[in-house]
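Some notes on the structure that comes next.
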Amino acid sequence: MTLMALLPLLLLLAVAVAVLVADLFIESKDDLGAVAVTALLVAAGIAAALWNNSAVVLPASVRVYLAADTMALFTDVVLFGGAALACCLAVGYLREKRLARGEYYALLLLSTFGAAILSRAVHLISLFIGLEIMSLGIYAIVGFHSRDGHAVEASAKYFLLGAFASAVLLFGCALAYGATGHLDLASIGTAVQSGHADARLSLMALCFLLCGIGFKIGVVPFHMWVPDAYEGAVTPTTAFMAVVVKTAAVASLLRVLFTCFSDPSSTDTLSGWPSIVIVLVVLSIAYGNLAAVHQPKLKRLLAYSSIAHGGYLLLGVLAAARLGAATSGAVLYYLAVYSLSTLLAFGVLVLLTSRHQHTPDLRELRGVGRLHPVLALPAILGFLSLLGFPLTAGFFGKYYLLSAAVNAGGMLVGLAVFAVLGSAIGAYYYLKVLATMFMQPVSEHSLDTPLLRSGLVTSAVVICSVAVLWLGIAPSGVMRWAELAAASLGR
Amino acid sequence: MIDAHLLSLLIATPALGALFISLLPSRATAAIRSGSIAVLTVELLLALRMLRGDFSTANLQYLESHPWIETLGISYRVGVDGLSLGLVLLTTLVAPFALAVSWHNVRERHKSYAIAFLMLQSALVGAFSAVDLAMFYICWELTLLPVYFLIGIWGGKRRIQAATKLFLYTMVGSLLMLVALFYTAQAYAELNGSFSFDLRELRRVAWPESVQIWLFAAFALAFAIKLPIFPLHSWLPDSYSQAPIGTTVMMAAVLSKLGAYGLLRVATPLFPLGSYLLGPTLAALGVAGIVYAAFCAWAQLSPSDPARGLRSHADLLRLIAYASFGHLGFLVVGLMSMEPSGVEGATLHMIGHGVSTAALLILVALWQRRSASPELVSAEAASLPSLNLGGLATTMPIFAVLMFVTLMSALGLPGTSGFIGEFLVLSGAFSAVALQPWSWALVLGALMGVVLGAVYVLNLLGRFLWGESETSASTTTNQNAVNPSIQGSRDLSGRTVSPARDLSGREVLLVAPFVVAILWIGLAPQSLLRYSEPSVASYLEEVRRRLRLIPTDAPKLADSMRAQPSRDLPR
């Protein structure tokens, strides 16, 4: 029972293998999907149950590689919950598109497993392995619709760029080892702090690691793959990527930055890593929001919006750099909120899916809200939450993040104003989607197919809607957890 | 029991009503209509209970406070005093009537309309009664969403453009206000060790001058967009003319006051020095707005070629939008004068302007019912000849009398609500130390605006009541006489031949409360000022006290303020 703390991960691994085997015998692939959803939910439940269980300690030999702190549990719940909801969307979507195959769910579970490893990694080796397990699964499910040229193109593009980014990350690991003689983050941190490390080498290592992880988060200038991969992938995969990859990568970034490079000279706004991150924040917010403005394709629009959200997340990281790692609760909370809102937006898209139809672009959404009034609540909640409007989860996410940035003071106040102006641009394109759906009259291009009928999809959308509304009204509990999770990072 | 939670009840009633309406089948339009109006009537009756509170002091009445989000220090905290009482009452008074005249434009999706309208009401009452800055911000933002959908779904031809413009304008201001809010909260937390957004607590922070200016500017920008203050008004004519008329009533009569209320409740008390230093600029912009709006309103009548003016109902609404905008300029002048009569005048003018605008727009709505199809109501038909409004004095005498009183109030005739508020504002501004040495110029400019206002109001009045009547016009021009036997139907050019039926009893009831209020405020303003006086006095006392305390680089104006300590302090 010494591995109790890793139980959720081991469960996913076991179920993934079981699904792969069962795929040979079981005709109904939907059942496999349901098994995957159940496994993810149980894993999330176990992670939540371990929350206050201080008796669960990993043996020292494992502790070097994987953390089992509150932050790991928090990201576990976000990852597994998000993956479970994305998996729900996948079951309905793939059946409608006649794409249902068992390996999809196995790959999805394995990717989630990799993401959980990545978010827990406190050693450069486990970090790299986690990142690769996560990515390999996703490369495959991005190109899952193998008869669709776009999907194959997206997958190839994502794979090539991803392999390159992995190489950069690996090189960063090697440099870090060269600079400090250590591979585990804590020892690297001690070496950097005590000044035993070669300063120039460790700066190089930091830059390479930032590039590698920044690629997975999808911030400018490492964003090239995002619009293509988001658009080409089947919609539930896009949702999965947006939620799981981003959460794991940001968590791992927090661990690397605040364990290895948390000494005062590294976190100095002008001479340390924040100066690089500031550039990433400014570029991501500006580019993501501006590129989304005239984007007629909804999935690309959400891709650009996810780039902008990557910028907001890094703004929270900057705030934590000034106020101390324990204040990165805002980033963790934002991850949870962003995941829910994105899943809701994609859930609405999945509901509009039909067999012979490509993913609808904005023109085809004209007046769709009039044809399907049930869509009103999820669509309004989802897009307003992405925009950060009061009484949706997104508002307090943004509120928490921006107030952290303003509290950090100095240059970050200016960045907060910049972020706010960026989200005002965001308001324009999110509202454009709502206006198209609910205010424009139905035209001859409009989708007139009935909504997707699937219990799992419907319940995923309902759960997300309720959660978005709930976190918009009573966010205290989750905020408290995010704070506690961040506190473990500060230790 | 009711009294302990009166404000919460006022906030919750429309929201619960919306929930109830959402359960009705969408075909049951009659039930939806009467149900939603019943909810708003209950709301009005509840609001009237507030008058029993003790408003002889400046203390907040019906105060209620619960922790909400402890991590961030946000509380649910509501209360009313003399400054907000009138506005809550105005909101609850206008809403049922505004909803009642809405249905003419709203031909589909009645249920969603009623729900959005009720949500707007909840958010408005919440914003007017919030004593917690974060809660105020949330309610402030929430008012925007229903309006966005009300305009965007049920508005005229260019509704989406108008709604988006409104949303983006307001959003930019609000988001900058949000950053300023964080800054304020942070400074308070550094001083006191814990977060609080209680407006009364936040006032204790003494800000250095340079910070005050920026924070005041950030808050004032949001409020200036909402009010609006010249030159941030360009969303206003579009929104007013494109919105369904019931929504226009709410926007003109109530929502615009939210901006002025923000200045009065949030920006000036928190940052008195910022308000003091930027006040003259704001007041000057207010006066510029008064004059500019008068010209724009006049231009809608196309004075050089009357046949080309007022082509559509949208033009008429545009004219009213500019007229309303012009009168809002007085609020800024009054608030920034920091004189008892100026601020009292502004609080009174908020109510006076609210009732007279509501009356005017409701009358226009009733007249629209008679004269045009809903499509045309908002059509921008360049090819049409100008609207023929005339001759109503003979054909619709009751309508004419009500219209006359309302327009006289818009003109600022003594004895109506339009006069007393503006008079107090100008008399306050004239002697205001805060606006020296340019106060005389501001007053002169505002008076010029009043004169210009008279020009277009009288012109409009003449067209409405005594011009050529529509039927005679159609026979003389022989243009509309396609089938004169079908009374009330649309002719080929899209206009209806007016059946010239006077207002029915029910329709009179829709306008009467507002016309009575116009006369009442005009003739017995003291009965309302009684409620706001103590609050205004304590508000000014507080602002002045803090102006003296603040560590400043001793700007000249603040010195002159100190030199006359309590010249005009509470009577």
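Is it the case that the stretch B:65-77 has a residue that's aliphatic (A, V, I, L, M) and away from every other protein chain (no Cβ under 11 Å)?
No, every residue in the stretch B:65-77 fails to be aliphatic (A, V, I, L, M) and away from every other protein chain (no Cβ under 11 Å).
Here's the yes/no breakdown for (1) of a type outside the set (A, V, I, L, M); (2) buried (at least 23 other Cβ atoms within 10 Å of the Cβ); (3) at pLDDT 95 or above; (4) within 30 Å of A:PHE438 (Cβ to Cβ):
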residue: A:ALA321; (1), (2), (3), (4): no, yes, no, no
residue: A:TYR334; (1), (2), (3), (4): yes, yes, yes, yes
residue: A:TYR338; (1), (2), (3), (4): yes, yes, yes, yes
residue: A:VAL348; (1), (2), (3), (4): no, yes, no, yes
residue: A:GLN357; (1), (2), (3), (4): yes, no, no, yes
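Answer yes or no as to whether A:VAL466 is farther than 29 Å from A:CYS88 by Cβ and either free of Cβ contacts under 8 Å to residues at least 60 places away in the same chain or of a type in the set (Gly, Ala, Ser) (or both). First the steps, then the outcome.
Values: farther than 29 Å from A:CYS88 by Cβ: no; either free of Cβ contacts under 8 Å to residues at least 60 places away in the same chain or of a type in the set (Gly, Ala, Ser) (or both): yes.
Here the answer is no, as A:VAL466 does not meet what is asked.
Is at least one residue of the stretch A:366-373 more than 27 Å from A:ARG322 (Cα to Cα), among the hydrophobic types (A, V, I, L, M, F, W, C) and more than 12 Å from every other protein chain (Cβ to nearest Cβ)? Working first, answer last.
Of all residues in the stretch A:366-373, those more than 27 Å from A:ARG322 (Cα to Cα) come to A:366-373.
Subsequent filtering for residues that are among the hydrophobic types (A, V, I, L, M, F, W, C) retains A:368, A:371.
The next check asks that each one be more than 12 Å from every other protein chain (Cβ to nearest Cβ); those that pass are A:368, A:371.
Yes, there is a match, as at least one residue in the stretch A:366-373 is more than 27 Å from A:ARG322 (Cα to Cα), among the hydrophobic types (A, V, I, L, M, F, W, C) and more than 12 Å from every other protein chain (Cβ to nearest Cβ).
Among the residues of the stretch A:354-365, are any within 14 Å of chain B (Cβ to nearest Cβ) and under 30 Å from B:PRO25 (Cβ atoms)?
Yes: the stretch A:354-365 contains one or more residues that are within 14 Å of chain B (Cβ to nearest Cβ) and under 30 Å from B:PRO25 (Cβ atoms).
Could you please let me know if A:TYR338 is away from chain B (no Cβ under 13 Å), within 30 Å of A:THR259 (Cβ to Cβ) and part of a helix (DSSP H, G or I)? Lay out the reasoning, then the answer.
On the way: away from chain B (no Cβ under 13 Å): yes; within 30 Å of A:THR259 (Cβ to Cβ): yes; part of a helix (DSSP H, G or I): yes.
For A:TYR338, the condition - away from chain B (no Cβ under 13 Å), within 30 Å of A:THR259 (Cβ to Cβ) and part of a helix (DSSP H, G or I) - is met.
Any residue in the stretch B:366-376 that is modelled with pLDDT of 80 or more and buried (at least 24 other Cβ atoms within 10 Å of the Cβ)?
no
Please find, among B:ALA185, B:ALA222, the residue that is under 19 Å from the mean Cα position of the chain (by Cα) and within 13 Å of chain A (Cβ to nearest Cβ).
B:ALA222
When only residues in the stretch B:137-149 that are in contact (Cβ under 8 Å) with a residue 60 or more places away in the chain and within 11 Å of chain A (Cβ to nearest Cβ) count, which is farthest from B:MET251 (Cα to Cα)?
The extreme case among them is B:TRP140.
Restricting to the stretch B:57-69, what's the tally of residues that are in contact with a helix residue (DSSP H, G or I) (Cβ under 6 Å, 6 or more places away or on another chain) and not in a strand (DSSP E or B)?
Residues that pass the stated criteria total 2.
Pick out the one residue from B:ALA98, B:ALA114, B:ALA163 that is crowded, with 24+ Cβ neighbours inside 10 Å and in contact with a Lys or Arg (Cβ under 8 Å, 6 or more places away or on another chain). Steps first, answer last, please.
On the way: B:ALA98 fails: in contact with a Lys or Arg (Cβ under 8 Å, 6 or more places away or on another chain); B:ALA163 fails: in contact with a Lys or Arg (Cβ under 8 Å, 6 or more places away or on another chain).
Exactly one of B:ALA98, B:ALA114, B:ALA163 is crowded, with 24+ Cβ neighbours inside 10 Å and in contact with a Lys or Arg (Cβ under 8 Å, 6 or more places away or on another chain), namely B:ALA114.
Listed here are the residues, each with its yes/no results for (1) more than 29 Å from B:ALA537 (Cβ to Cβ); (2) at pLDDT 90 or above; (3) of a type in the set (Asp, Glu).
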{"site": "B:LEU6", "(1), (2), (3)": "no, yes, no"}
{"site": "B:GLY17", "(1), (2), (3)": "yes, yes, no"}
{"site": "B:LEU23", "(1), (2), (3)": "yes, yes, no"}
{"site": "B:ALA28", "(1), (2), (3)": "yes, no, no"}
{"site": "B:VAL39", "(1), (2), (3)": "yes, yes, no"}
{"site": "B:LEU48", "(1), (2), (3)": "no, yes, no"}
{"site": "B:THR57", "(1), (2), (3)": "no, no, no"}
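Name the helices (runs of 4 or more DSSP H) wholly inside the stretch A:147-243 in which the number of residues that are of a type in the set (Lys, Arg) is 1 or more. Don't jump to the end; show me each part of the working.
Details: elements: A:149-180, A:185-194, A:199-217, A:225-232, A:235-240.
It comes to A:149-180, A:199-217.
For the stretch A:378-486, give me every one of the helices (runs of 4 or more DSSP H) that falls completely inside it and has 2 or more residues that are crowded, with 24+ Cβ neighbours inside 10 Å and within 12 Å of chain B (Cβ to nearest Cβ).
Numbers: elements: A:393-408, A:411-438, A:455-473.
In the stretch A:378-486, the matching helices (runs of 4 or more DSSP H) lie at A:393-408, A:411-438.
Going through the stretch B:21-51 one residue at a time, which ones are in contact with a Gly (Cβ under 9 Å, 6 or more places away or on another chain) and part of a helix (DSSP H, G or I)?
The answer is B:ILE21, B:GLY35, B:SER36, B:ALA38, B:VAL39, B:LEU40, B:VAL42, B:GLU43.
Name the single residue that is farthest from the other protein chains (Cβ to nearest Cβ) among those in the stretch B:190-219 being among the aliphatic types (A, V, I, L, M) and more than 23 Å from B:CYS139 (Cα to Cα).
B:ALA206
Being at the interface with another protein chain (Cβ under 9 Å from one of its Cβ atoms) and closer than 20 Å to B:LEU236 by Cα narrows it down to one of B:GLY156, B:GLY152, so name that one.
Only one candidate qualifies: B:GLY152.
Can you tell me which residues in the stretch B:120-134 are facing chain A (nearest Cβ under 10 Å) and either modelled with pLDDT under 95 or in a loop (DSSP other than H, G, I, E, B) (or both)?
Residue satisfying the conditions is B:ALA134 alone.
The values are calculated or read from the model by the stated rules, or taken from the named source; none is laboratory data. What you see is a predicted model, and the numbers here were worked out from it, not measured in a lab. When we count neighbours, we look across all protein chains shown, and the Cβ atoms used for this are built from the backbone with ideal geometry, even at glycine.
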